[in-house]
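In what follows, a single structure is set out as structure tokens and then discussed.
The values are calculated or read from the model by the stated rules, or taken from the named source; none is laboratory data. Only a predicted model underlies this, so the values are computations on that prediction, with no experimental measurement involved. Virtual Cβ from ideal backbone geometry, glycine too; neighbours counted across all protein chains shown.
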Amino acid sequence: MRVTLLLCDAAQVADGKLYVLGGGWSLIGPDPTPSAVAMKIDVDWTEVDRTHHWELFLVDEDGQAVVAETPDGPQPIEVRGDFEVSRPESVPEGSPVDVALALNFGPLPIAPSSRYNWRLSIDGETQEDWVLPFSTRAPRD
């Protein structure tokens, strides 16, 4: 599979298309603000018509999970889901079939002057380019 990841202010999927607002940044803050991760996944022809499980994790510069306070206590910031694509009749045999995903987040508990990565895995596997790094600005004086 080939994956394109994009940090943005907001994203949504409608009619199979990915709509992105304020996309393509890699520097945020210093104050926590809402953000989103937009994903376009090109599924290989041989991988369609079956369920795929994906997981997205937020980690700090040391690779440690970023934790948020929740009603159930501290929890790592991670999102999971499943997708399945079918072979469209009009797509030539052997062509990849794409699926779009949009994940919107409220303000995250991230520190100023820091580096973070969103890490994606699909079906328990990851690739070097399935990492989405970003930094936070220094605090205001």
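Numbers at a glance
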quantity	calculated
Number of the condition not met by ARG87 [criteria: (1) closer than 20 Å to MET39 by Cα; (2) of a type in the set (Lys, Arg); (3) touching a residue at least 60 places away in the same chain (Cβ under 8 Å)]	(3)
Filter result for ASP98 (assigned to a loop (DSSP other than H, G, I, E, B) and either touching a residue at least 24 places away in the same chain (Cβ under 8 Å) or more than 22 Å from THR4 (Cα to Cα) (or both))	no
The one condition in (1) surrounded by 15 or more Cβ atoms within 10 Å (Cβ to Cβ); (2) in contact with a strand residue (DSSP E or B) (Cβ under 8 Å, 6 or more places away or on another chain); (3) modelled with pLDDT under 95 that PRO32 fails to fulfil	(2)
Candidates GLY106, GLY73, GLY81, filtered to the one that is of a type in the set (Gly, Ala, Ser), within 27 Å of SER26 (Cβ to Cβ) and out of contact with any Phe, Trp or Tyr (no Cβ under 9 Å at 6 or more places or on another chain)	GLY106
Any hit, region 45-60, residues being within 20 Å of ALA111 (Cα to Cα) and surrounded by fewer than 15 Cβ atoms within 10 Å (Cβ to Cβ)	no
